[in-house]
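Q: Take a look at this one; I'll ask things after.
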Amino acid sequence: MKILVVSPVALFPPMAGNRARILGMLEELRSLGHDLHLVVLDVLSTAGEPEDRAAHEAWFGPGKVTWVGAGSDLAYAVSVLRRVWRRALRQVRVPAGYVRRLDEWYLPVFSRAISALQAREGFEAVLVEYVFLSRAFEAFGPGVLKVLDTHDTFADRHLHFLRNGLTPSWYATTEAEENRGFLRADRVMAIQEGEAARFRSRLGPAGAARVVTVSHIPRLADAPVADVSANAAAFIASGGPTNTQALAYFLDRVVPDIARALPDFVTYLAGPICAQVADRPGVIKLGFVESLHRVFERAPILVNPTLLGTGLNIKVLDALCLGVPVVTTETGARGFAAREADGLFVAPDSDPAGFARRVVALLSADRGAAKAAALGYAVAWRRRQVEGLTAAFSPGPAAGPAQSLGPNDGGRLSEQADAAVQPGASARKA
């Protein structure tokens, strides 16, 4: 099948979770024999983010990547004015300042470019990243399979931030607008089954059948990362407000309890989060890393103390794929049916002492069983997501909800751990 991928973000360098997610899916689609082309739209909110055009050309092939600028026409000017107006509303904490119309970031120049590509290439399917680009589906006729990759739920997303005293970031819209975007697609891919269930409920009988769960599809490594004997943990994240909040919570409220039991404890930071925190004792900044091995050869566990979020924490899965146990909050474990039997150790939200106890216990024990369980869980997880992706691009009605992993599925499959592979590695956006 000849597939056009429409994205607001570049894929290389794979420095964030959303990029890693898209790449993981495209690698699987290519392995299934599909012919992939990419168009990257210069959406106002993503303009200026790092991009390696040569790497894109090398991965997709000559002539298969198109870059579309925002231009400078009236629609672009109106978009800029809207952004200025919303910024003014946000200054006085008016919630409407954070809510956007569905197509607010979508410009007419995008449709013109996509229509030209379709006229030239004759794509059989189109995969659109994010609901706010769903208008791109209108450039294709009824014979083209239209698949929407949601990444997250954006209906009233701003309220989650405001209730927790944080400034809302990026994109939020209303439930009605998000539903309208879903109904433009033949298939809607939710990143976790909890969100898929909510989407089905909102769309009703006529629209629910189009929803399928496809989470992050990690690459499997030839071998797990070697365990290290160090009283250390890794924190990998972008520099967004939820990650900044999580890091402050960990360093200020969790680490003191850990340090009382393990005085030499060190926190390694990787990713853009490094620029968001001042230098302090016991914290080592690695910056952007090309491979997660570079992080986990120093720190034997990952910590994910996030207290706010939707979607899925991709870094958790990437760690499990390498046989690295994870200590996380309940919020950070959303979307995973895993628990300690699968290498995922979950503490209640806002229980810093409980989080610290789990870190100390894991660092003080033999991690062999936890590593094997983590790898087994990752193998089972990947298989489930590939099934969902195959269903999303199959002809006929969309498949029903993929079965969730049971609490011990990963452990039962731990003997398959040798098949597990290194995820495409970089510091991921949560």
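Q: If packing is taken as the mean number of other Cβ atoms within 10 Å per residue, what is the order of 204-210, 129-135, highest first?
A: Values: 204-210: 13.4, 129-135: 23.7.
Ranked from most to least packed, the peptides come out as 129-135, 204-210.
Q: With each pseudo-label sitting 7 Å past Cα toward Cβ, what's the residue 116-residue 248 distance in nm, one decimal?
A: Result: 4.6 nm between the two label points.
Q: OK, next. Roughly how many nanometres apart are two label points built 7 Å out from the Cα toward the Cβ at residue 261 and residue 387?
A: Spacing of the two 7 Å Cα→Cβ label points: 3.7 nm.
Q: Straight-line reach from residue 2: which lysines have a Cα under 23 Å away, not including same-chain ones fewer than 8 places off?
A: The reachable lysines, counting only those whose Cα sits under 23 Å from residue 2, are 64, 146.
Q: What is the dipole size for region 232-372, taken about its Cα centre, with +1 at each Lys and Arg Cβ and -1 at each Asp and Glu Cβ, in debye to the nearest 20? Intermediate results must be reported in sequence, preceding the final value.
A: Details: 13 positive and 13 negative charges, 15 e Å.
My answer is approximately 80 debye.
Q: Next up: Take peptides 282-289, 244-251, 312-319 and line them up by average Cβ neighbours within 10 Å, highest first, as a rough protection proxy. Could the numbers behind the result be given before it?
A: Values: 282-289: 15.0, 244-251: 19.8, 312-319: 28.1.
Packing proxy ranking, top to bottom: 312-319, 244-251, 282-289.
Q: For region 373-387, just list the computed ³J(HN,Hα) in residue order, Karplus coefficients 6.51, -1.76 and 1.60, θ = phi - 60°, integers in Hz, with x standing in for Gly and Pro.
A: 5, 4, 5, x, 4, 5, 4, 5, 4, 4, 4, 5, 6, 4, 4
Q: Taking the Cα of residue 67, stepping 7 Å toward and past its beta carbon, and measuring to each backbone N in region 7-30: which are under 14 Å?
A: Residues 9-13 fall inside that zone.
Q: Next question. Please find the FRET efficiency linking residue 280 to residue 27, where r is the Cβ-Cβ separation and R0 is fixed at 56 Å, and quote it to the nearest 0.05. Walk me through the numbers on the way to the answer.
A: On the way: r = 38 Å, r/R0 = 0.68.
My answer for the efficiency is 0.90.
Q: Apply the Karplus parameterisation 6.51 cos²θ - 1.76 cosθ + 1.60, with θ equal to phi minus 60°, to every residue of region 269-275 and state each ³J(HN,Hα) to the nearest whole Hz, in sequence, with x for glycine and proline.
A: Per-residue couplings from phi come out as 9, 9, x, x, 4, 4, 7 Hz.
Q: Which value, in Å³ per residue, describes the convex hull spanned by the Cα atoms of region 232-372? Before the final figure, lay out each step's value.
A: Working: hull volume 13.6 nm³, N = 141.
Considering the Cα atoms of region 232-372, their hull volume per residue is 96 Å³.
Q: Mind checking which lysines have their Cα closer than 20 Å to the Cα of residue 315? Skip sequence neighbours fewer than 8 apart in that chain.
A: 285, 371, 429
FYI, it's all coordinate maths here, none of it is from the lab. This is a predicted model, so every value here is computed, not measured. Heads up, the Cβs are rebuilt from the backbone with ideal geometry, glycines too, and the neighbour counts pull from every protein chain shown.
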